[in-house]
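See below for the structure under consideration.
The values are calculated or read from the model by the stated rules, or taken from the named source; none is laboratory data. The model shown is predicted, which means the values in this text are computed figures rather than measured ones. Every residue, glycine among them, receives a Cβ derived from its backbone with ideal geometry; neighbour counts consider all protein chains shown.
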Amino acid sequence: MTAPSAEHDAAVTDRAILIGSAYDTGRDLSARQSLYQWQTPRYDLPGIVVEHLRGTRGTVVDVGCGNGKFIERLRRDRPDLRLLGLDVSFGILAGVPRPVAVADAARLPLASASVDGVLALHMLYHVADIPAAIRELARVVKPGGVVLASTNSARDKTELDQLWERAAGDVLGVEEGPGRISLSARFSLERASSLLGAEFGEVETVELPGTVVVRWPDPVIAHLASYRAWAEHQGVPFEETVERAREIVSERIERDGTFEIGCLGGMLVCSR
């Protein structure tokens, strides 16, 4: 996959897209998350967060909390913690356990050294100024506190990239179509450690490799379709490409019995 362009990065960080369609509800985020139920090994990401917060007491803030799946788990397993969910989109906060607030990750409405733990899970790639957001994470956490960030590798789900390019090429009548939107490219697992290391003295990377194996096309197509907010930035008729991808996956499953996707995400555990 070619390196993302400035236009690509602008689309991924466009506030109007993030608030107005990508995360106006939790629908598309949930569709992307649901693909992992067919992954081996299965990772309990909320459980991993709980484990890394085992020694944390006091207040934990989930920056870019999305549909609240991590807050819900922490409320269940760590009722002793004071939790706050923050997100740039008011709409996606509708179902998140309170308290919540609309906030920009690059300008957190929190006092310096005021919280004991911060989550920034699969969201820093949506911030226009990533170093500024990381400085904010470091500013608000107390000395001895922990910041947990997560993202995907540049090698994550390459089979989906190849599928999209083939489907797009078929729709356009060319050998290979334009690449699909890559949300994590701006803050990939390969880049994340050095970006976070500018503000945190210790950054531990926990890689989470796996393989998704599906025997029917619906999970793959739901994942591809969940990028509909960026349809105008894909350089190809979006719905037609999704439907062509369905045909390709169906043909592959009929031939091979399964469609496999290699996944590589990771958690970064940061302290000052």
- Query: Taking into account only those residues within the stretch 133-177 that are without any contact (Cβ under 8 Å) to a residue 24 or more places away in the chain and among the small types (Gly, Ala, Ser), which is surrounded by the fewest Cβ atoms within 10 Å (Cβ to Cβ)?
  - Reply: GLY173
- Item | Cβ pairs under 7 Å, 6+ apart, first in the stretch 216-230 and under 14 Å from SER30 (Cβ atoms), second part of a loop (DSSP other than H, G, I, E, B) | TYR227/ARG180; TYR227/ILE181
- Task: State whether one or more residues within the stretch 131-151 are within 21 Å of the chain's Cα centre (by Cα) and assigned to a loop (DSSP other than H, G, I, E, B).
- Result: no
- Go through the stretch 19-40 and give me each residue that's more than 19 Å from ASP104 (Cβ to Cβ), charged (D, E, K, R) and more than 15 Å from the chain's Cα centre (by Cα). none
- Query: Of the conditions (1) surrounded by fewer than 19 Cβ atoms within 10 Å (Cβ to Cβ); (2) out of contact with any strand residue (DSSP E or B) (no Cβ under 8 Å at 6 or more places or on another chain); (3) without any contact (Cβ under 8 Å) to a residue 24 or more places away in the chain, PHE238 fails just one. Which one is it?
  - Reply: (1)
- Item | helices (runs of 4 or more DSSP H) contained in the stretch 1-78 and holding at least 3 residues closer than 22 Å to VAL140 by Cβ and at pLDDT 95 or above | 45-52, 69-77
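Step by step: first the residues of the stretch 86-112, then only those that are without any contact (Cβ under 8 Å) to a residue 24 or more places away in the chain and either assigned to a strand (DSSP E or B) or closer than 18 Å to ILE134 by Cβ (or both), then the one that is farthest from the chain's Cα centre (by Cα). Which residue is that?
Of all residues in the stretch 86-112, those without any contact (Cβ under 8 Å) to a residue 24 or more places away in the chain come to 98-99, 101-102, 104, 109.
Next cut, either assigned to a strand (DSSP E or B) or closer than 18 Å to ILE134 by Cβ (or both) only: 101-102, 104, 109.
On the way: ALA101: 20, VAL102: 18, ASP104: 17, PRO109: 23 Å.
Of everything passing the filter in the stretch 86-112, PRO109 is farthest from the chain's Cα centre (by Cα).
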- Sort out which residues of the stretch 77-90 are surrounded by fewer than 23 Cβ atoms within 10 Å (Cβ to Cβ), within 25 Å of ASP28 (Cβ to Cβ) and out of contact with any helix residue (DSSP H, G or I) (no Cβ under 7 Å at 6 or more places or on another chain), and write them in order of number. LEU84, PHE90
- Is the stretch 178-190 home to any residue that is without any contact (Cβ under 8 Å) to a residue 24 or more places away in the chain and either surrounded by fewer than 22 Cβ atoms within 10 Å (Cβ to Cβ) or at positive phi (or both)? no
- Query: With ARG255, ARG228 as the choices, which residue is more than 23 Å from the chain's Cα centre (by Cα), basic (Lys, Arg) and surrounded by fewer than 20 Cβ atoms within 10 Å (Cβ to Cβ)?
  - Reply: ARG255
